[in-house]
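For reference, the structure discussed in these notes is given below.
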Amino acid sequence: MAKSVTAHELRDQSVEDLVTKLKEAKEELFNLRFQAATGQLDNHSRLRTVKREIARIYTVMREHELGIVPLSGESAEKTKEAAE
């Protein structure tokens, strides 16, 4: 992931997209940790940024799971029925 994404941007995506982004972020974190261990890491703040991205993705996925934020594909009608 080249830049940090906001929770608002993540909430507009489907669960499949979130899973894909999570997998990419975890792979990037692994690579960054490997570079840090071998002394090849130039930007140490990127570790922190990627960890926060992973936490944001998990948070948005949990919001979807609990029904706090409806999935992007759901219509307003379904959301209204669930609220009643």
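Per residue, how much accessible area does region 5-64 have with a 1.4 Å probe, in Å²?
66 Å²
Would you please state which residues of region 41-66 a label at Arg33 would reach in this model, taking the label point 7 Å out along Cα→Cβ and a backbone N cut-off of under 18 Å?
It comes to 41-58, nothing else.
Report in % the part of the accessible area of region 5-64 that belongs to carbon and sulfur, leaving out ligands and nucleic acids; probe 1.4 Å. Intermediate results must be reported in sequence, preceding the final value.
Numbers: 2040 of 3940 Å².
The computed percentage sits at 52.
The values are calculated or read from the model by the stated rules, or taken from the named source; none is laboratory data. Source: prediction; values computed, not measured. As a convention, Cβ positions derive from the backbone with ideal geometry for all residues, glycine included, and neighbour counts pool all protein chains shown. Just so you know, the surface numbers come from the protein's heavy atoms only, side chains and all, with ligands and any DNA or RNA stripped out. Shrake-Rupley method; radii C 1.70, N 1.55, O 1.52, S 1.80 Å.
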